[in-house]
Amino acid sequence: MSNPLANKIIVSVTAEYDVRHSHPEKDKYVFRYKVHIQNNNAIAVQLVRRHWFIFDSSGVVREVEGMGVVGRQPVIEPGNSYFYESWSPLETPIGQMWGTYTFKAKHVEPFKVQIPAFTLEARFKLN
């Protein structure tokens, strides 16, 4: 059974190819992504863990788990949002990421919120 608090946390992600840090000749494609987390609950929630699945077009899936995000475990007050930026390398120019965040709140068991899948795609300029 899902926690009703989870339904009121909205996660959206945008991603872009990082030309400066990528090296296609070495099969290194770097993608930057921006995450926006909106807490539409009447109580504060704290993001305590992340669990990512990172898929590239060669069929490789990596998992990344850990405490918080970018070294933080932010508390998001009611009606507020939290924003952060991060990055991920791939060995192919196309991939996808998705996962879950684990949150906690007062008097509630920890609960998970889905991070919607988003595409990582290097768009090369044709000359």
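The values are calculated or read from the model by the stated rules, or taken from the named source; none is laboratory data. For clarity, every value in this text was computed on a predicted model and none was experimentally measured. For neighbour counting, all protein chains shown are included, and Cβ atoms are generated from backbone atoms with ideal geometry for every residue, glycine included.
Condition first: part of a strand (DSSP E or B), touching a Lys or Arg at 6+ places or on another chain (Cβ under 6 Å) and in contact (Cβ under 8 Å) with a residue 12 or more places away in the chain. Can you find one or more residues in the range 18-41 that meet it?
Step one: list which residues in the range 18-41 are part of a strand (DSSP E or B), which gives 23, 28-39.
If we keep only those that are touching a Lys or Arg at 6+ places or on another chain (Cβ under 6 Å) as well, we get none.
Checked against the condition, which is being part of a strand (DSSP E or B), touching a Lys or Arg at 6+ places or on another chain (Cβ under 6 Å) and in contact (Cβ under 8 Å) with a residue 12 or more places away in the chain, the range 18-41 yields no hits at all.
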TODO: Determine whether the range 33-52 contains at least one residue that is within 14 Å of residue 122 (Cα to Cα), surrounded by 12 or more Cβ atoms within 10 Å (Cβ to Cβ), at pLDDT 95 or above and not small (Gly, Ala, Ser).
DONE: yes
Task: Of the criteria (1) surrounded by fewer than 16 Cβ atoms within 10 Å (Cβ to Cβ); (2) closer than 28 Å to residue 92 by Cα; (3) in contact with a strand residue (DSSP E or B) (Cβ under 6 Å, 6 or more places away or on another chain), which one residue 23 fails - done: (3)
Open item on the list: Any residue that is of a type in the set (D, E, K, R), farther than 14 Å from residue 51 by Cβ and outside any strand (DSSP E or B) - is there at least one of those in the range 99-108?
Closed with: yes
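Tell me which residues, restricted to the range 1-20, are surrounded by 13 or more Cβ atoms within 10 Å (Cβ to Cβ), small (Gly, Ala, Ser) and over 20 Å from residue 67 (Cα atoms).
Here is the first cut: in the range 1-20, the ones surrounded by 13 or more Cβ atoms within 10 Å (Cβ to Cβ) are 3, 5-6, 8-13, 15-19.
Retained after the next criterion (residues that are small (Gly, Ala, Ser)): 6, 12, 15.
Matches in the range 1-20: 15 only.
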- [ ] Could you check how many residues of the range 30-61 are in contact with a Leu (Cβ under 9 Å, 6 or more places away or on another chain) and charged (D, E, K, R)?
- [x] 1
TODO: Can you tell me which residue within the range 86-108, out of those that are more than 16 Å from the chain's Cα centre (by Cα) and in contact (Cβ under 8 Å) with a residue 24 or more places away in the chain, is surrounded by the fewest Cβ atoms within 10 Å (Cβ to Cβ)?
DONE: 106
Open item on the list: Based on this model, can you work out whether residue 70 counts as on the phi > 0 side of the Ramachandran plot and out of contact with any Leu (no Cβ under 9 Å at 6 or more places or on another chain)?
Closed with: yes
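Can you report the number of residues in the range 22-61 which are among the charged types (D, E, K, R) and under 15 Å from residue 115 (Cβ atoms)? Show your work before the answer.
Applying the first criterion (among the charged types (D, E, K, R)) to the range 22-61 yields 25-28, 32, 34, 49-50, 56.
With the extra rule that they be under 15 Å from residue 115 (Cβ atoms), the set shrinks to 34, 49-50.
Residues that pass the stated criteria total 3.
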TODO: Could you check residue 83 against (1) in contact (Cβ under 8 Å) with a residue 12 or more places away in the chain; (2) in a strand (DSSP E or B); (3) surrounded by 12 or more Cβ atoms within 10 Å (Cβ to Cβ) and say which number it fails?
DONE: (3)
Open item on the list: Can you tell me which condition residue 59 does not meet? The list is (1) part of a loop (DSSP other than H, G, I, E, B); (2) at pLDDT 95 or above, and all the others hold.
Closed with: (2)
TODO: Of the numbered conditions (1) under 13 Å from the mean Cα position of the chain (by Cα); (2) free of Cβ contacts under 8 Å to residues at least 40 places away in the same chain, residue 119 fails exactly one; give the number of that condition.
DONE: (2)
